[in-house]
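K.L.:
Got a structure for you, written out below as structure tokens; questions coming shortly.
Rule-based calculations on the coordinates, nothing more; no lab input. It should be emphasised that the depicted structure is a prediction, and the values quoted were computed from it without experimental measurement. A quick note on method: Cβ atoms are made from the backbone with ideal geometry, for glycine too, and the neighbour counts reach across all protein chains shown.
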Amino acid sequence: MKKLLACLCVVTLLAGCGGSGNKSESKTCSITQNGMTLAATFNAKDDEIKTADMNVTVPASALGGVDLSTLSDDQKKMMQTQLESSLGIKEDDGMKVSFDFKDKDIVVKINMDFTKTDSSSLKKFGFGSDTDMSLKNTVKQAEKQGATCK
């Protein structure tokens, strides 16, 4: 889990700020590491990232091969708490987190509004304390780390 978070941080790490143009743009970057898949869609205006939607797919094999379809609600809640802790995520005004338990995977959905998320949450995902996030530089850094961006 920590490697996945580190990958997420590297994928979203920014080299700098800036921008030109007057348009809205979205880019989706994805990477698979240790069997886990991260897909992050960044939505920007004038190259400044405003929101990000991330899906982290954790296969049951990464969780000891547990048959997720047999888990009780209490067991799912416990697993959810452990994943939140491992990934270092916590809901706040600008970050919403949900979990979708499938038969063979858990999909963690993280929706971030960079205009509302507190700086400590942004830092956990590899962003600085400010909210001026360059889409162009984020995509460049993600591709350097092996992500595919479209």
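K.L.:
Enumerate the amide H contacts of residue 50 below 5 Å, restricted to partners 5 or more residues apart or on another chain; note that Pro and chain-start residues carry no placed amide H.
P.N.:
Correct list: 43, 44, 45.
K.L.:
Which residues' amide hydrogens lie under 5 Å from the amide hydrogen of residue 89, considering only partners 5 or more residues apart or on another chain, with H built in the peptide plane?
P.N.:
Amide H neighbours of residue 89: none.
K.L.:
Set the Förster distance to 25 Å, then compute FRET efficiency between residue 82 and residue 32 from the Cβ-Cβ distance, nearest 0.05.
P.N.:
Here the calculated transfer efficiency is 0.70.
K.L.:
Another question about this same structure. What residues of the stretch 64-95 lie in the reach of a label at residue 103, counting those whose backbone N is under 14 Å from a point 7 Å from the Cα along Cα→Cβ?
P.N.:
67-71
K.L.:
Given a Förster distance of 35 Å, report the FRET efficiency between residue 148 and residue 71 from their Cβ-Cβ distance, rounded to the nearest 0.05.
P.N.:
0.65
K.L.:
Please compute the length gained on full extension between residue 91 and residue 123, using 0.36 nm multiplied by the number of residues separating them and subtracting their Cα-Cα distance.
P.N.:
10.1 nm
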